[in-house]
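Let me begin by presenting the structure, written as structure tokens, before commenting on it.
The values are calculated or read from the model by the stated rules, or taken from the named source; none is laboratory data. Only a predicted model underlies this, so the values are computations on that prediction, with no experimental measurement involved. Using ideal geometry, Cβ is built from the backbone for each residue, glycine included, and neighbour counts are taken over all protein chains shown. These accessible areas exclude ligands, DNA and RNA; they are computed on the full protein's heavy atoms, side chains included. Shrake-Rupley method; radii C 1.70, N 1.55, O 1.52, S 1.80 Å.
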Amino acid sequence: MYKTPCSRLSGFVGVSVKQKLARNVPRCNQIARSLIQLHRRDPSNWLTYQHFNFLKRQYVSKNTSELHQRAIPKQAPVLTIVDERDDSVERQVERVPTINPAATDAGPQAEDATHKPQDKLSVLKHTAENAAAQNVSVSHMTGTPDEPPHVQVETEEEKQARLDRQWKQLKVDRADLPDIYARLSKIKLTALVVTTAAAGFAMAPVPFDPVMFFVSSLGTGLASCAANSINQYFEVPFDSNMNRTKNRPLVRGQISPLHAVSFALACGVPGVALLTLAVNPLTGFLGTLNIFLYTCCYTPLKRLSITNTWVGAIVGAIPPVMGWTAATGCLEPGALLLGGFLYSWQFPHFNALSWNLREDYSRGGYRMMSVTHPAMCKRVALRHSLGLIGLSTLAPVLDVTTWTFPVISLPINLYISYLAFRFYHKGDRSSARKLFFCSLWHLPMLLLLALTCKKYSSNQEGAALPRAFLPLTFPAS
């Protein structure tokens, strides 16, 4: 059979490789036997990196008939603790012998004549100096009364600063209880709730009753204090993570949780009783519903869904309705209109506030629109700012105000809508801050304008007239 040169060359290479492998087989068997004998002779100290070059950078050790391979650990600096009674460190120090000044000043002739005696004297002197230095070092390390040991002494100011940085439960002083109760009940928010309830009472188309006004305002304020206290009781672990709420009384431990719950009951029970018994059952029911919505719906929803903002807006819209029902004893369209004012106002107010607190709310674990849905946050604020213009136009239609109210309230409604549009367009901290501060004065101004343009009923106008202007009647003869 004819074979090409390429096939002949490949056959020649194959034969040569086969011969080399045959010659290397005994050598490989000998290496394998030596490794097995080494393992049988001392298996505990058998390290494979002594025989394999590719494991130079790793440790391979035998433990319980298995190989465990791990990377070389990083060398960490070791802090050596020196015992004061141990002078071994001092003995390990190599001391450099000092030069004798007397030997350097002598002439060259004297150096040649007295070279050997001076060497002996210098050696003896160096030995004595070393012994003296060791004694001094030992005396310093053992703490002789001549020099105190090198121990950092903490001053009184440093100690006080260190203790102030540490967490500790604060002791309650009776003089501080009013301030603690004010912060526990969120006194500013409670004042806003009472103000809106008072506005609803004043806008009702009935004669003004000061006693009923005071009782309803007091009951509404107590119910708000109870709801806010229970809210802080539930949110202690989350408030501690936020800069805005980390100084609340329960977070700082100024009062115990039992104390806070007792204060909430002491406010909530009399508040609801006043609204139910002294005012009317409808107002008491609305107060109880508001406490339930705020503590059992709004508070847990803050960590579950962004619908908490809408639930919180309903909670804020109920107080003016309570004021209206406290004056009239019934639920009318005018009460719902005032509740609509508060409902729409809260979205530009709270969305602008939460926009600059997004990091804080994220740290606390709260699901707010500004955190999870920033585009929706800006869009909803603008939508409800424009809704205030429509609600103001609806007021004279429902005979709550005169037609003057939509006209005189239009400038402030347009201004807050303009700021809401800037917040929607830019979405920065500056526009959010301007919208928030505008909402602080917009609501009281809007309620005040509505009160000045209130539409009185015929019976209320007659009750408001002084006695001198009442028509005279003569008894029949």
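For the condition under 24 Å from the mean Cα position of the chain (by Cα), part of a helix (DSSP H, G or I), aromatic (F, W, Y) and in the same structural domain as A420 (by the TED database), what is the one hit in Y366, Y361?
The unique qualifying residue is Y361.
Which one of the conditions (1) open to solvent by less than 70 Å² (accessible area, probe 1.4 Å); (2) closer than 30 Å to F208 by Cα does W403 fail to meet, given that it meets all the rest?
Every condition holds for W403 apart from (1).
Taking the range 291-315, which residues are among the small types (G, A, S) and either in a loop (DSSP other than H, G, I, E, B) or within 25 Å of D399 (Cβ to Cβ) (or both)?
Within the range 291-315, just S305 meets the criteria.
Take the residues in the range 352-387 that are under 22 Å from N241 (Cα atoms) and among the β-branched types (V, I, T), then tell me which one is surrounded by the most Cβ atoms within 10 Å (Cβ to Cβ).
Per the criteria, the residue is V371.
Does S392 meet the test of being touching a residue at least 40 places away in the same chain (Cβ under 8 Å), of a type outside the set (D, E), part of a helix (DSSP H, G or I) and open to solvent by less than 30 Å² (accessible area, probe 1.4 Å)?
yes
In the range 226-251, which residue that is assigned to a helix (DSSP H, G or I) and among the hydroxyl-bearing types (S, T, Y) is most open to solvent (accessible area, probe 1.4 Å)?
Checked the range 226-251; the qualifying residue most open to solvent (accessible area, probe 1.4 Å) is Y233.
Would the range 332-351 turn up any residue that is closer than 16 Å to K302 by Cα, among the acidic types (D, E) and either in the same structural domain as I306 (by the TED database) or surrounded by fewer than 24 Cβ atoms within 10 Å (Cβ to Cβ) (or both)?
no
Contact list please: Cβ distance under 6 Å, first residue in the range 185-202 and aromatic (F, W, Y), second residue open to solvent by less than 70 Å² (accessible area, probe 1.4 Å), pairs at least six apart or on different chains.
F201/F213; F201/G323; F201/A326; F201/A327
Residues are listed down the side, and each one gets a yes or a no for (1) farther than 20 Å from A450 by Cα; (2) surrounded by fewer than 23 Cβ atoms within 10 Å (Cβ to Cβ):
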| position | (1), (2) |
| --- | --- |
| L189 | yes, yes |
| F214 | yes, yes |
| S217 | no, yes |
| S224 | yes, no |
